[in-house]
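Input: a single structure, listed below in structure tokens.
The values are calculated or read from the model by the stated rules, or taken from the named source; none is laboratory data. Everything quoted here is computed from the prediction, not taken from an experiment. Methodologically, a virtual Cβ is constructed for each residue, glycine included, from the backbone with ideal geometry; neighbour enumeration extends over all protein chains shown. Note: areas computed on protein heavy atoms with side chains; ligands, DNA, RNA excluded. Shrake-Rupley method; radii C 1.70, N 1.55, O 1.52, S 1.80 Å.
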Amino acid sequence: MGERKRIPLAIFAVLFLISASSFPLLRASDDADDAIFYESFDEDFEDRWIVSQKDEYSGVWKHAKSEGHDDYGLLVSEKARKYAIVKELEEAVGLKEGTVVLQFETRLQNGLECGGAYLKYLRPQDAGWKPKEFDNESPYSIMFGPDKCGATNKVHFIFKHKNPKSGEYVEHHLKHPPSVPSDKLSHVYTAILTPDNEVQVLIDGEQKKKANFLSGDDFEPPLIPPKTIPDPEDKKPEDWDEREKIPDPSAVKPDDWDEDAPLEIVDEEAEKPEGWLDDEPEEIDDPEATKPEDWDDEEDGEWEAPKIENPKCEAAPGCGEWKRPMKRNPAYKGKWHAPLIENPAYKGIWKPRDIPNPAYFELKKPDFEPIAAIGIEIWTMQDGILFDNILIAKDDKIAESYRETTWKPKFSVEKEKQKAEEAAAGSSGLAGFQKKVFDLLYKIADIPFLSAYKPKILDLIEKGEEQPNLTVGILVAILVVFVSIFFRIIFGGKKQPTRVEKTNLEPAESASNQKNGENEENKEKEESSAPPRRRSTRREN
């Protein structure tokens with residue numbers, strides 16, 4: 001009978017957690033009265049949430065379970081669609097006094113390559129607005145949540161604020177927001193707005209960002225406009241000189257300055273190396289090449305043998321026509337330019353004068369608009385995005401209790417399952433790799449020229465199969481060595497060309513080196529200007 005396989009402890013842990021997750025999760029009912037708003041999506045959303053009827057929002061929302069759980073959420077069910085859905089609150093939530101916590105869960109069950117998974121907290125809409133008309137233009141107070149596409153990978157926190165001077169709403173983006181987790185697990189996003197003008201962004205209960213609404217370093221553009229701005233009507237004077245240095249007007253080009261002297265000249269002192277083969281080409285037709293039997297001259301053109309390096313040139317200093325190399329021209333100076341001097345008329349870099357900013361205002365606290373509705377308005381290339389447990393609370397203790405009872409149990413199950421799957425995949429992949437290595441080593445052991453080493457190779461293979469984790473690295477290393485020996489014996493090493501030394505070493509070596517560079521350059525030019533060589537291989541059907 002075969003040996004009974006052991007079930008890893010991790011699998012037991014996963015099974016236990018999955019079975020535990022089948023029981024109803026704690027719902028933080030003790031804190032339910034303290035929550036300003038809470039949506040668990042345990043029941044179908046259709047009687048509470050309104051799907052936008054705008055034509056562009058064709059994505060279908062579904063009431064579905066999170067994969068591996070009995071917990072329901074709001075599901076993005078189709079790829080490459082726009083989605084919009086909104087929930088009006090029974091009473092608007094003010095953001096000016098006290099602490100307000102915004103929290104929700106998302107699970108990117110199929111990942112997120114390009115799309116949004118954020119919420120919009122809408123301010124009171126204009127008279128006559130209807131939830132079924134919810135779209136991208138519906139004004140919001142805060143936008144919060146993941147967004148990823150191309151170079152964009154961030155957890156947005158954006159708020160809109162009305163300028164008390166101009167009456168215009170300005171969109172302020174959190175600088176350097178945290179990135180979106182790259183896995184397919186459930187994550188909970190929390191934004192805590194505090195009375196001291198700060199916002200904290202948490203992911204899975206861990207603070208990732210802290211910012212001050214009134215700080216110009218934390219939001220772009222800053223909430224408080226600058227006191228002064230450049231005068232848009234100010235113009236640079238025509239005689240304003242911004243050149244810090246100018247050419248010396250009194251400088252004169254020296255009489256011996258030759259602007260036409262070339263950069264390089266022929267080295268007249270160079271001599272052709274002894275043994276140079278003037279009449280031998282660098283490449284010759286491959287004498288072993290034969291015309292393919294199915295070669296059609298009319299269709300494929302005239303067949304020509306492929307070129308190989310001329311073996312006669314390997315032992316010689318060079319082949320072909322020899323020419324003196326070029327050297328740097330000692331008389332070269334290039335174009336003459338007058339030296340630069342300080343500009344006596346320099347006035348500096350011009351900029352318009354500053355004037356008082358008509359949009360400037362002072363503020364001790366942000367004048368947030370209240371939250372009248374919660375909307376999800378996104379475009380995404382992925383399906384499988386699940387929203388769950390949307391919460392608005394008075395303080396983080398309430399939000400924390402919801403994280404512990406609604407998010408953490410699910411996350412723990414998913415995390416353990418992920419670890420088990422990764423371990424299984426890694427073990428399976430390693431076993432397959434080891435089998436391929438052993439199979440190849442068995443074939444190598446049968447190679448005739450390694451017959452003397454065959455017993456040792458077989459012994460190593462048997463030990464490696466018994467303890468693959470300990471010896472597979474050694475076996476692979478031996479495999480590489482044997483393959484190297486095999487190719488060295490079959491193909492041998494390339495013969496290095498011999499150098500012919502002359503009595504006058506420096507000029508000869510210099511001429512030879514420079515000539516070799518010139519030959520390479522001439523060869524490249526000839527190849528680029530010559531017509532393309534007809535192919536000499538078998539044509540593709």
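Please name whichever of Ala270, Pro237, Ser215 sits farthest to the positive end of the charge dipole of region 213-282, dipole taken about the Cα centre and charges placed at Cβ: Lys and Arg +1, Asp and Glu -1.
Ser215
Counting pairs of Cα atoms in region 184-331, how many percent are more than 25 Å apart?
On the way: 8203 of 10878 pairs.
Value for region 184-331 (Cα pairs over 25 Å): 75 percent.
How far apart, in nanometres, would the label points at Ala305 and Asp231 be if each is projected 7 angstrom from Cα along the Cα-to-Cβ direction?
In this crude label model, Ala305 to Asp231 measures out at 8.6 nm.
Using R₀ = 30 Å, calculate the FRET efficiency as 1/(1 + (r/R₀)^6) where r is the Cβ-Cβ separation of Ile447 and Glu293; round to 0.05. Don't jump to the answer; show the numbers that get you there.
Numbers: r = 33 Å, r/R0 = 1.09.
Efficiency, from the Cβ-Cβ distance: 0.35.
Can you give the Kirkwood hydrodynamic radius for region 295-390, in Å, rounded to one decimal and based on Cα pairs?
28.1
Gain in length, Ser250 to Leu214, computed as 0.36 nm per residue apart minus the alpha-carbon separation, to one decimal in nm? It would help to have the intermediate numbers written out before the result.
Numbers: separation 36, 0.36 × 36 = 12.96 nm, distance 5.72 nm.
That pair, Ser250 and Leu214, stretches by 7.2 nm at full extension.
How big is the accessible area of Glu242 in square angstrom, nearest 10, if you roll a 1.4 angstrom probe over the protein chains?
Its heavy atoms expose roughly 70 Å² to the probe.
About its Cα centre, how strong a charge dipole does region 285-427 have in debye, to the nearest 20, once Lys and Arg get +1 and Asp and Glu get -1 at the Cβ?
Working: 22 positive and 31 negative charges, 478 e Å.
Computed charge dipole of region 285-427: roughly 2300 debye.
Under unit Cβ charges (Lys, Arg +1; Asp, Glu -1), what dipole magnitude, rounded to 20 debye, does region 86-178 have relative to its Cα centre?
Charge dipole of region 86-178: 260 debye, to the nearest 20.
Antiparallel as a % of all DSSP beta bridges within region 242-375, to the nearest 5?
90
Count the net charge of all other residues whose Cβ sits under 12 Å from the Cβ of Lys65, scoring Lys and Arg as +1 and Asp and Glu as -1.
Working: positive: Lys62, Arg107, Lys410; negative: Asp42, Glu67, Asp70, Asp71, Asp388.
Value of the local net charge: -2.
Among the lysines, which have Cα under 23 Å from the Cα of Lys253 when same-chain residues fewer than 8 positions away are ignored?
Result set, ordered by chain and number: Lys245, Lys333, Lys335.
Given labels modelled 7 Å from the Cα in the Cβ direction, how far is it in nm from Ala151 to Glu67?
It is 3.2 nm.
Quote to one decimal, in nm, the extra length available between Lys132 and Asp279 on full extension: 0.36 nm per residue of separation minus the C-alpha distance between them. Let's see the in-between values first.
On the way: separation 147, 0.36 × 147 = 52.92 nm, distance 8.85 nm.
Result for the pair: 44.1 nm of gain on full extension.
Tell me which aspartates and glutamates have Cα within less than 16 Å of Lys82's Cα, excluding those fewer than 8 residues away on the same chain?
Asp55, Glu56, Glu113, Glu133, Asp135, Glu137, Asp147, Glu377, Asp383
Listed here are the pairs Lys54/Lys96; Lys148/Lys184; Lys165/Lys364; which of them are more than 22 Å apart at the Cα?
Values: Lys54/Lys96 33 Å; Lys148/Lys184 14 Å; Lys165/Lys364 15 Å.
In this structure, Lys54/Lys96 lie more than 22 Å apart at Cα.
Please report how far the C-alpha centroid of region 300-342 lies from that of region 91-140, rounded to the nearest whole angstrom.
Taking the Cα centre of region 91-140 as reference, the centre of region 300-342 is 69 Å away.
Compute the distance in nm between two label points, each set 7 Å from the Cα along the Cα-to-Cβ direction, one at Lys312 and one at Glu422.
For Lys312 paired with Glu422, the spin-label model returns 6.5 nm.
Efficiency by 1/(1 + (r/R0)^6): what FRET value for Trp336 and Glu268, r their Cβ-Cβ distance, R0 = 35 Å, to the nearest 0.05?
E(calc), rounded to 0.05, equals 0.80.
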